[in-house]
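For reference, the structure discussed in these notes is given below.
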Amino acid sequence: GKLGRYPPWPGKIVNPPKDLKKPRGKKCFFVKFFGTEDHAWIKVEQLKPYHPHKEEMIKINKGKRFQQAVDAVEEFLRKTKGKDQASSHNSNEEKNRRNSSEERGKQSSGEEKRKASLSEGKLKKGTGEGKKRVSSVSSERGSKSPLKRAQDQSPRKRGRPPKDEKDLTIPESSTVKRVMTGTVAGFKWPPSVSEPVKDSDPHFHHFLLSQTEKPAVCYQAITKKLKVCEEETGSTSIQAADSTAVNGSITPTDKKIGFLGLGLMGSGIVSNLLKMGHTVTVWNRTAEKCDLFIQEGARLGRTPAEVVSTCDITFACVSDPKAAKDLVLGPSGVLQGIRPGKCYVDMSTVDADTVTELAQVIVSRGGRFLEAPVSGNQQLSNDGMLVILAAGDRGLYEDCSSCFQAMGKTSFFLGEVGNAAKMMLIVNMVQGSFMATIAEGLTLAQVTGQSQQTLLDILNQGQLASIFLDQKCQNILQGNFKPDFYLKYIQKDLRLAIALGDSVNHPTPMAAAANEVYKRAKALDQSDNDMSAVYRAYIH
């Protein structure tokens with residue numbers, strides 16, 4: 001798809017890592033961008049000399065980040081100029097003329113470092129400071145996937161990411177290796193200096209979705225194998241991964257964790273956080289649900305505000321948009337406990353507008369915000385095998401690493417707040433529609449005199465075979481509708497997914513049809529049963 005336009009940006013041409021192949025096709029150079037420390041392969045025709053086009057660039061770009069990039073260029077020029085003065089007594093005018101001519105000469109020769117301006121239509125990609133080994137990740141149109149630093153160059157409070165920060169980062173000194181074809185590249189994380197090379201949880205993986213002003217079409221798989229990397233300079237550059245492990249177990253963060261909401265999902269999550277050694281303070285609207293976790297070592301919080309004020313990172317997992325808003329904005333709510341540096345992670349499945357509103361109020365108080373809805377059910381929650389979809393504060397995402405490893409098998413970082421909500425609704429829309437289709441098939445088999453068990457056996461031998469299909473069908477055939485995922489919540493997700501489609505004029509007729517069947521099941525008093533109880537909506 002179209003990746004959107006990107007303004008001209010100052011940079012300098014540097015030598016690419018030795019193990020990085022130049023893209024095929026037109027001649028291009030490896031460019032490091034000022035102010036962002038990003039890198040990308042840029043075609044020759046997209047490069048322009050800095051000085052002649054400086055004023056033009058400044059007129060086009062008014063943003064703070066761009067001004068910082070220009071400042072970085074000028075600082076670079078001053079340092080270069082100072083070095084030149086030490087070895088030569090040429091006048092400033094001669095230097096400027098020489099720099100300009102050298103700039104033009106270097107543009108064609110490509111033998112030394114050079115400054116360049118990235119013209120419109122090109123996207124940036126990089127991996128942090130210094131010389132990095134970068135794998136160029138391209139879409140079908142050949143545009144570069146942008147990777148921006150989470151920490152802005154300007155001094156600011158840690159809890160206030162800039163409004164325009166829509167992209168993800170890779171920590172400094174990370175090593176990137178191409179492990180797959182197409183749009184996917186794998187990253188190896190080196191461990192800290194004080195630790196030997198160890199394997200982290202082999203079952204947990206990070207996925208980072210790179211986003212521009214319009215969503216990009218590529219992501220990077222971050223494997224949790226740790227590796228020391230040799231930099232181009234020959235020195236060993238070592239960076240601590242966000243969590244380390246011994247024999248596959250997780251080293252819990254030393255941050256105090258809060259958890260609000262002990263429903264089907266929250267209960268399993270808290271249990272796994274405690275098992276992995278995290279310090280957890282819990283709160284639930286009905287306090288009795290806290291008792292079991294107090295016995296397991298959790299602390300009791302009297303109000304959401306108290307939990308947030310006494311903990312470093314507070315997670316919440318509640319039922320719907322109204323509950324999520326009430327939890328934050330209500331009396332003794334989350335917002336009352338937020339002060340600069342406090343972190344809030346909302347794991348509820350809600351709409352993008354709701355989560356964006358909550359992020360704004362949290363950040364306005366100096367807090368840091370991450371949305372992290374989870375894909376799974378009670379069983380997967382209990383087993384610590386959830387799939388976590390995160391978006392928002394990238395630094396907070398990394399701080400949550402040991403927590404996410406305790407509760408899930410995979411986490412995805414999807415860029416700016418709202419993206420995870422949208423993705424989660426789409427995932428559940430597909431799941432809810434599929435569940436209704438399964439129920440429709442089973443009941444049609446029954447009324448036409450076909451064996452439901454045989455239908456299941458046939459499906460299990462075909463391409464639709466899955467754990468979900470088998471478990472749901474088995475439960476239906478046994479008449480077991482004990483909730484693993486409440487029917488009322490999958491109907492809520494279908495409703496929100498349909499509204500998401502409405503907001504962009506996109507048709508969702510399958511979801512709309514499924515939604516009507518779930519509404520019928522709710523009318524038949526199936527709300528608190530499992531989603532598979534949609535089967536009962538088809539019984540005449």
Check your understanding: Restricting to region 284-315, what's the tally of residues that are open to solvent by less than 20 Å² (accessible area, probe 1.4 Å), of a type outside the set (Ser, Thr, Tyr), more than 27 Å from Gln491 (Cα to Cα) and in contact with a helix residue (DSSP H, G or I) (Cβ under 8 Å, 6 or more places away or on another chain)?
Key -> 8
Practice item. List the helices (runs of 4 or more DSSP H) that sit entirely inside region 438-532 and contain at least 1 residues that are touching a residue at least 60 places away in the same chain (Cβ under 8 Å) and open to solvent by 40 Å² or more (accessible area, probe 1.4 Å). Key: 487-503, 509-523
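Could you check, for region 338-347, whether at least one of its residues is closer than 29 Å to Asn428 by Cβ, open to solvent by less than 20 Å² (accessible area, probe 1.4 Å) and aromatic (Phe, Trp, Tyr)?
Initial filter on region 338-347 (closer than 29 Å to Asn428 by Cβ): 338, 343-347.
Narrowing the set further to residues that are open to solvent by less than 20 Å² (accessible area, probe 1.4 Å) leaves 338, 343-347.
If we keep only those that are aromatic (Phe, Trp, Tyr) as well, we get 344.
Within region 338-347, one or more residues are closer than 29 Å to Asn428 by Cβ, open to solvent by less than 20 Å² (accessible area, probe 1.4 Å) and aromatic (Phe, Trp, Tyr).
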Exercise for review: Would you mind finding the one in Ser375, Ser381 that is over 19 Å from the mean Cα position of the chain (by Cα) and of a type in the set (S, T, N, Q)?
Suggested key: Ser381
Practice item. Answer yes if at least one residue in region 358-380 is within 18 Å of Lys256 (Cα to Cα), small (Gly, Ala, Ser) and surrounded by fewer than 24 Cβ atoms within 10 Å (Cβ to Cβ), and no otherwise. Key: no
Practice item. Give the residue, chosen from Val328, Val318, that is open to solvent by less than 40 Å² (accessible area, probe 1.4 Å) and in a helix (DSSP H, G or I). Key: Val328
Point to revise | Within region 9-38, tally of residues that are at pLDDT below 75 and under 16 Å from Arg65 (Cα atoms) | key: 4
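The values are calculated or read from the model by the stated rules, or taken from the named source; none is laboratory data. Everything numeric in this text was worked out from a predicted model, so none of it was measured. Because the Cβ atoms are built from the backbone with ideal geometry, glycine has one as well, and the counts that use them run over all protein chains shown. These area figures cover heavy atoms from the full protein model, side chains too; ligands, DNA and RNA do not enter into them. Shrake-Rupley method; radii C 1.70, N 1.55, O 1.52, S 1.80 Å.
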